[in-house]
1. All but one of (1) in a loop (DSSP other than H, G, I, E, B); (2) modelled with pLDDT under 95; (3) surrounded by fewer than 18 Cβ atoms within 10 Å (Cβ to Cβ) hold for Pro315; which doesn't?
2. Right, Gly345: touching a helix residue (DSSP H, G or I) at 6+ places or on another chain (Cβ under 7 Å) and over 30 Å from His249 (Cα atoms) or not?
3. Taking the residues in the range 18-58 that are more than 23 Å from Arg119 (Cβ to Cβ) and modelled with pLDDT under 95 as candidates, determine which candidate is surrounded by the most Cβ atoms within 10 Å (Cβ to Cβ).
4. Could you please let me know if Arg224 is of a type in the set (D, E, K, R), out of contact with any Cys (no Cβ under 6 Å at 6 or more places or on another chain) and in a helix (DSSP H, G or I)?
5. Of all residues in the range 379-398, which are farther than 28 Å from Ala150 by Cα and in a helix (DSSP H, G or I)?
6. Identify all residues within the range 98-120 that are touching a residue at least 40 places away in the same chain (Cβ under 8 Å) and over 36 Å from the mean Cα position of the chain (by Cα); write none if there are none.
7. For the range 376-390, state whether one or more residues are of a type in the set (A, V, I, L, M, F, W, C), within 30 Å of Pro263 (Cβ to Cβ) and open to solvent by 50 Å² or more (accessible area, probe 1.4 Å).
8. Which of the residues that make up the range 403-432 are farther than 13 Å from Ala368 by Cα and not charged (D, E, K, R)?
Amino acid sequence: MSNAMWGGRFANGPDAIMEEINASIGFDQRLAAQDIRGSKAHAAMLAATGIISHEDAAAIQHGLTRIAGEIEAGTFTFKRELEDIHMNVEARLAEIIGEAAGRLHTARSRNDQVALDFRLWVRDTVDQLDVGLRDLQTALVEKAFSHAEAVMPGFTHLQSAQPVTLGHHLLAYVEMLGRDRGRMRDARTRMNECPLGAAALAGTSFPVDRHKVAVDLGFDGPTRNSLDTVADRDFALEVLSAASICAMHLSRFAEEIVLWATPQFGFAALSDKFSTGSSIMPQKRNPDAAELVRGKTGRIIGALTGLFIVMKGLPLAYSKDMQEDKEGTFDALDSLVLMIAATAGMVRDLKPDLKRMEAAAGSGYATATDLADWLVRVLGLPFRQAHHVTGRIVAAASERDMTLEELPIEAMQAIEPGITNAVYDVLGVRRSVASRTSFGGTAPANVRAQAETWLKRLVAEAAA
């Protein structure tokens, strides 16, 4: 049989293999709510401009509302032979209201219809992601504020570098997530143009009011070039790019949780809520939630790469290749929503071992820079000379298997005679972090101030 939705051009139906490769209803049924929302706005505009009658428009609105209810209730039958969500909805509309259903597709094409549906879905998901990221930031800020004075090692090259506070460390991720939210908001602004009215590729000869449809659907206005409109998937690429950066940030934090939870680090533990056991080793507590956050990052970056490859060779305007835009994007953004929620849960669940962290903060001669700074500040040595002197003092302490705080003053004076007992005032890890008062530094007072600023901002955003 010919496909009634295609019209009379085709005398025969598609081969079974063609049907298998062509159908998208298995995944684009997720666009049902957006498809119905767009169709309602389109029908209202068609009636307002006199393109269809108000009676037909009312019947269409009634039928679409009924279909939305059926889909929500799980009683709607999605038919593979109808290919996609657009044809499934339209066919069911015809069953409900009859001939008037055929007028809904006036002045539009599946090309601008799918561009609208997909854009609406991505926009809705960006809004959901922003809420989740704000909640994750809040969890991090609250934990940072309560651990503003908790000392831990700061690392470079995964080697002990200088002491920092746990609060300062957690606030670093708050800043990262803030940039992630900014990128998502920027992408949302650029995508907030309405595709309907571009039709197949050249616009339409009907006197449509594209601005009305745009306003009704919450867009800033209509797109300005019909060719670009149906060919564009930049909005998905941009959100996937922002999602990939965000996932990378979550993966870095997840990696730190994995490290911190090892017996070798012992900096923090997750409860049973975010851990699993071993089928053979009864002593194990595995940070699987963190590992899965780390692992799912690959899916998101892969989706971005996949869509780039789909789009890179397509001439204007629409090509069926673009049907491959959805599954990867759905999976990637679904994964990111879950990763954000899991990370927020782990942050709230995380129990740091403050004594273990503070003990580790002093290892590896982490206060050596404080010693060098003291030599510059008190003795007036050029920093390069102070750096050399400090290196010799560290070597002397290492030979004696002592910390810098334990090294006798005589040993230091043998290397630099001007050193006095006052040097010990800067060699403790707590004194070290307290001295880092420059803006953005790790001093507890700074951390508390930054955390308070973030909390006020996040509360205001949530209330807006």
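1. Tallying (1) in a loop (DSSP other than H, G, I, E, B); (2) modelled with pLDDT under 95; (3) surrounded by fewer than 18 Cβ atoms within 10 Å (Cβ to Cβ), Pro315 fails exactly one: (2).
2. Values: touching a helix residue (DSSP H, G or I) at 6+ places or on another chain (Cβ under 7 Å): yes; over 30 Å from His249 (Cα atoms): no.
It is false that Gly345 is touching a helix residue (DSSP H, G or I) at 6+ places or on another chain (Cβ under 7 Å) and over 30 Å from His249 (Cα atoms).
3. Glu19
4. Values: of a type in the set (D, E, K, R): yes; out of contact with any Cys (no Cβ under 6 Å at 6 or more places or on another chain): yes; in a helix (DSSP H, G or I): no.
Against the criterion (of a type in the set (D, E, K, R), out of contact with any Cys (no Cβ under 6 Å at 6 or more places or on another chain) and in a helix (DSSP H, G or I)), Arg224 does not qualify.
5. At the first step, the residues of the range 379-398 found to be farther than 28 Å from Ala150 by Cα are 379-386, 388-389, 392, 395-396.
Within the range 379-398, Leu379, Phe383, Arg384, Gln385, Ala386, His388, Val389, Arg392, Ala395, Ala396 meet the criteria.
6. Ala100, Ala101, Arg103, Leu104, Thr106, Ala107
7. As a first pass, look at the range 376-390 and keep what is of a type in the set (A, V, I, L, M, F, W, C): 376, 378-379, 381, 383, 386, 389.
If we keep only those that are within 30 Å of Pro263 (Cβ to Cβ) as well, we get none.
Within the range 376-390, not a single residue is of a type in the set (A, V, I, L, M, F, W, C), within 30 Å of Pro263 (Cβ to Cβ) and open to solvent by 50 Å² or more (accessible area, probe 1.4 Å).
8. Hits for the range 403-432 are Pro408, Ile409, Ala411, Gln413, Ala414, Ile415, Pro417, Gly418, Ile419, Thr420, Asn421, Ala422.
The values are calculated or read from the model by the stated rules, or taken from the named source; none is laboratory data. None of these values were measured; they are calculated from a predicted model. No Cβ is skipped: glycine too gets one built from the backbone with ideal geometry, and neighbour counts run over all protein chains shown. For the accessible areas, the whole protein counts, side chains as well, though only heavy atoms, and no ligand, DNA or RNA atoms are used. Shrake-Rupley method; radii C 1.70, N 1.55, O 1.52, S 1.80 Å.
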